[in-house]
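Working notes, structure below.
The values are calculated or read from the model by the stated rules, or taken from the named source; none is laboratory data. Here the structure is a predicted model, which means the values were calculated and not measured. Neighbour counts are summed over all protein chains in view; Cβ atoms, including those assigned to glycine, are modelled from backbone coordinates with ideal geometry. Just the protein is used for accessible areas: all its heavy atoms, side chains included, with ligands, DNA and RNA removed. Shrake-Rupley method; radii C 1.70, N 1.55, O 1.52, S 1.80 Å.
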Amino acid sequence: MLDIIHSPPEGSEELVTMILQTLTEESNPSANLVVAVKHLYETKLKDASILIPLLSSFPKEEVLPIFPRLVDLSPDRFQDALARILQGSAHTGPALTPAEVLIAIHDINPEKDKVPLKKVIDACTACFEQRTVFTQQVLEKALNKLVDNVPIPLLFMRTVIQALDAFPALVDFVMGILSRLVNKQIWKMPKLWVGFLKLAYQTQPRSFDVLLQLPPPQLEVALNKYPNLRSHLSSFVNRQNLHNKLPRHTLNILGFLNEPQQAPMPFAPAALQTADTTSSLPGANIM
């Protein structure tokens, strides 16, 4: 059997995969079997699905390098791989925790790792479908780590929106994330800035404190993108009596001063030309 797996006849890949599934259903694979399958994958069969039956015995250090190849599989195969990774072995536990799975998905660079962006999005969606595994606490842990990545992952804002959609109780946590993004000058990251503004608009009035942290030019961009925010934000400033705490330019933008304003700053065209990974996809709407 090991000889066949080590060098299978042409066209027998599906049969080999079925054999491996049978051999690993109720017991851990032997060291010799793992060596044979790894050799097959590395030399002849560049299909990561051949590794799925063995994933529960792989340590984290071996799963992470092949993770982009697993995400690139069909949705059903990725679900199988995910189940094996989270199952782990009786001796070592899961290869990756649920939070580490989410982080690994976001660490994929579609261009560099040659994984279509849609496959990465589908992998995120597969995680959100398992709410008993990918819980509110798991999402908090993953997002806390991802927000400090350099650069911040492309799909980060989409995942924040999905997380709040799945767990509305995360709203205070998410406001903290938005505040940290202001400190990181999120407006210099056009694709993420689109998602930031979308989320700030959808979570008003909870997001008003965050919006008032924006520098005046960026606040004006936000109010030009979502014009009806201006009156609501002005009313909030009145209710909270914040006039003495805000920059003069901010008060002018909100209409509290009669100073002449410069021509309105349009919403950045470059951001509009990029693919908006926060909108036309499942799970993107909070309300």
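Values as computed for the structure displayed
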| item | result |
| --- | --- |
| All positions within the range 16-31 that are open to solvent by 100 Å² or more (accessible area, probe 1.4 Å) and modelled with pLDDT of 75 or more | Met18 |
| Qualifying residues in the range 89-135 (those that are closer than 18 Å to Ser56 by Cα and of a type in the set (Gly, Ala, Ser)) - the one most open to solvent (accessible area, probe 1.4 Å) | Ala90 |
| Condition check for Ala169: buried (at least 18 other Cβ atoms within 10 Å of the Cβ), over 28 Å from Lys119 (Cβ atoms) and of a type in the set (Gly, Ala, Ser) | no |
| Answer from Leu254, Leu223 - the residue that is under 17 Å from Phe196 (Cβ atoms) and touching a Lys or Arg at 6+ places or on another chain (Cβ under 8 Å) | Leu223 |
| Evaluation of Asp148 against (1) farther than 24 Å from Asp209 by Cβ; (2) assigned to a loop (DSSP other than H, G, I, E, B); (3) in contact with a helix residue (DSSP H, G or I) (Cβ under 9 Å, 6 or more places away or on another chain) (one fails), failing number | (1) |
| Residue count for the range 102-135, restricted to those that are in a helix (DSSP H, G or I) and on the phi > 0 side of the Ramachandran plot | 0 |
| Sole exception among (1) open to solvent by 10 Å² or more (accessible area, probe 1.4 Å); (2) touching a residue at least 24 places away in the same chain (Cβ under 8 Å); (3) within 28 Å of Asp80 (Cα to Cα); (4) not in a helix (DSSP H, G or I) for Val138, by number | (4) |
| Residues of the range 119-135 satisfying the condition of being free of Cβ contacts under 8 Å to residues at least 40 places away in the same chain and under 12 Å from the mean Cα position of the chain (by Cα) | Cys124 |
| Subset of the range 32-85 [out of contact with any helix residue (DSSP H, G or I) (no Cβ under 9 Å at 6 or more places or on another chain) and closer than 19 Å to Leu2 by Cβ] | Glu42, Thr43, Lys44 |
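Yes/no per residue for (1) of a type outside the set (A, V, I, L, M); (2) within 24 Å of the chain's Cα centre (by Cα); (3) open to solvent by 80 Å² or more (accessible area, probe 1.4 Å); (4) under 29 Å from His106 (Cα atoms):
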| position | (1), (2), (3), (4) |
| --- | --- |
| Ser12 | yes, no, no, no |
| Leu33 | no, no, no, no |
| Asp72 | yes, yes, no, yes |
| Gln87 | yes, yes, yes, yes |
